[in-house]
1. Quick one: which helices (runs of 4 or more DSSP H) lie wholly within the stretch 40-103 and hold at least 1 residues that are touching a His at 6+ places or on another chain (Cβ under 9 Å) and at pLDDT 90 or above?
2. List the residue pairs whose Cβ atoms are under 8 Å apart, where the first residue sits in the stretch 74-94 and is closer than 16 Å to Lys49 by Cα, the second is in a helix (DSSP H, G or I) and acidic (Asp, Glu), and the two are 6 or more positions apart or on different chains.
3. What pairs come up if the first residue lies in the stretch 356-382 and is more than 20 Å from Gln344 (Cβ to Cβ) and modelled with pLDDT of 95 or more, the second is assigned to a helix (DSSP H, G or I) and among the small types (Gly, Ala, Ser), and their beta carbons are under 7 Å apart, counting only those six or more places apart or on different chains?
4. Kindly list the number of the only condition in (1) of a type in the set (Asp, Glu); (2) over 24 Å from Trp500 (Cα atoms); (3) in a helix (DSSP H, G or I) that fails for Glu444.
5. Quick check: is even one residue across the stretch 333-342 among the hydroxyl-bearing types (Ser, Thr, Tyr) and surrounded by 17 or more Cβ atoms within 10 Å (Cβ to Cβ)?
6. Looking at the stretch 294-315, which of the residues that are polar (S, T, N, Q) and farther than 20 Å from Ile265 by Cβ is surrounded by the most Cβ atoms within 10 Å (Cβ to Cβ)?
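The values are calculated or read from the model by the stated rules, or taken from the named source; none is laboratory data. A quick note: this is a predicted structure, and the numbers were derived from the prediction, not measured. Reconstructed Cβ throughout: ideal geometry from the backbone, glycine too, with neighbour counts over all protein chains shown.
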Amino acid sequence: MILNKILNTFLCIALATAGAMAQEADTIPPPISENSQLNAVVLHYEATKARSRGDNAEAEKMLKNALQFDPNAAGIYYDLARINMAGKRNAEAERNITKAIELSPGNKWYKEQYAILLLDDNKFKEAAEMYEQVLAQDENNKEYLQTIAYLYQRAGEKKKAEAAFDKLLKMYSDDEDILEAKLQLYLNENDLEKAIETTNTLLRIAPNETTYYIRLAEIYNKSRMPDKAAEVFKQAEELFPDDPNIQLSLSEYYRQKGDKEKYKIYLGKAVTNNALNPSEQIGILTNYILTIKDSSELPYALGLAEQVVKQSPGDAEALALYGNTLGISGKMAEAAEQYKKSLQADPANYNVWKNLLSIYLQEQMPDSIIKYSDKALRLFPNQAQLHFINGVGYNYRKDYPKAINALNRAIDMIPEENKGELADMHNMLADVYNSTKQYELSDENFEKALQLIPDNASTLNNYAYYLSERGARLDEAEKMSKRSLELAPDQATFLDTYGWIMYKKGDYKKAREYVQKAIDKEETTASGTLWDHLGDIHFKLGDKDKALDCWQKATKLGADNPQLEKKIKEVKLYE
């Protein structure tokens, strides 16, 4: 600004003089000599205007031309350096700024610019030394001293940083910011004795600042002085009994000591402290829940979540967290209710919609899946996952045309790079097409799923099983089933698939071996379908009594086979 004023004044004088001469002589004045400093000043002024327009390239060209007229103009080198720095051409910038300083060694702005350049190159020590030169011209400048202290700290020059802080504190003895910065220096250097001394100074200056008590206790703890830490915490708790930060720090203190009971007591005090807003309460509780490894702690977490909701009954975040905690605790129906309340308060929270739908998916509740995925899609019509879930719901309901519609929309919307999700969608669509006997489309989607994730055990198993049901491409089905068992050797469903392929190929003994393995793996939870398959195998092996026994078990377990009753009644195989 000062330079611009000088230039404007200079130009006004020059132009006024030129105008007066023109009036006297009544002729146009001769052009300014190329060696004149005035040309340099004019070019410098025009370069300044170009820079203000954002045209640094034009400004740089003018400044370089200006140097032809006045190679000793320090200000021109300074402005060139600033343009170089803006263009990240730091080597050029350094040449120009050092030249400016050489020509005008007393100009502190040039030195400050050089320090900024050095800092940009992470030369912290050199930058601090340059600021020391600037400070020599303005010894009591607080900002420069703070910068010097910071830069020496970054450079690892502890003594020089400390000296800068000491100089600052002589001038500003009760400045908390300076003391805080000095404390950080000691903490970084692990100089705990001086850190304690500085924190005590801060406490003397600001006796009602609870963070200083917390920090002092933590430093004592780190210094293996637990009794001192306990003493500070006790004092802090007496002075500030309802301060949530003190309570939270005490909970961490007892956690580190291994005192679980006191840890939970103080954590509970902090979480339910009305001085905190719901978001802060939720953040603390969420962190606690994430650390839980023993399910016996879940009731305590659940109680805290419920208390937060009672304190802020309409808060969407609090309701969602309560829902999450209920879900982790296995209380799915109650979790769903809390999610619905949360969505009433804030319907725009996509994650809560997903959490609610995941419960209904887990419980295989098609009506609820469809109802709430439809609601969510009105808010998030471009979310592929919602269309996918919607399709799953219609598939559960056996409304296959709508399931196919929804799944195809999901596939159209999902980014191609999301290979895992896309493979799942093709897998599900293949399943639906198989249910509608559109086998060509079913196989096509299985193939697409395997192109995306070749070693997806579930896809390999499902594809192989559907082929075996149709008695199609049994050799391929066998290879896929074998691969699924290599990937997941203990999966009862996969063992059953391989056994069923063997059945279809006529190897009944091998079929019996694998289906029996599947039943043994499942033990009391073996499905009716497994027993139905085993009955068919026994029948083929000529043991009708065992076949009948297996079919009867399959009926009790609700096997989905319309021929089952007929097989039992006539003790005859119907496929």
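1. Working: elements: 56-69, 74-86, 90-103.
The qualifying helices (runs of 4 or more DSSP H) are 56-69, 74-86.
2. Partner pairs satisfying both residue conditions: Leu80/Glu60; Leu80/Glu92; Ile83/Glu60.
3. That search, which allows pairs on different chains as well, returns Pro366/Gly393.
4. With (1) of a type in the set (Asp, Glu); (2) over 24 Å from Trp500 (Cα atoms); (3) in a helix (DSSP H, G or I) applied to Glu444, the lone miss is (2).
5. yes
6. This residue is Ser312.
Residue-wise test of (1) aliphatic (A, V, I, L, M); (2) out of contact with any Phe, Trp or Tyr (no Cβ under 8 Å at 6 or more places or on another chain).
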position: Ile389; (1), (2): yes, yes
position: Asn418; (1), (2): no, yes
position: Asp443; (1), (2): no, no
position: Ala488; (1), (2): yes, no
position: Phe494; (1), (2): no, yes
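Residues are listed down the side, and each one gets a yes or a no for (1) under 18 Å from Ile101 (Cβ atoms); (2) surrounded by 20 or more Cβ atoms within 10 Å (Cβ to Cβ):
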| position | (1), (2) |
| --- | --- |
| Glu132 | yes, no |
| Tyr144 | yes, yes |
| Lys158 | no, no |
| Asp166 | no, no |
| Met171 | no, no |
| Asp175 | no, no |
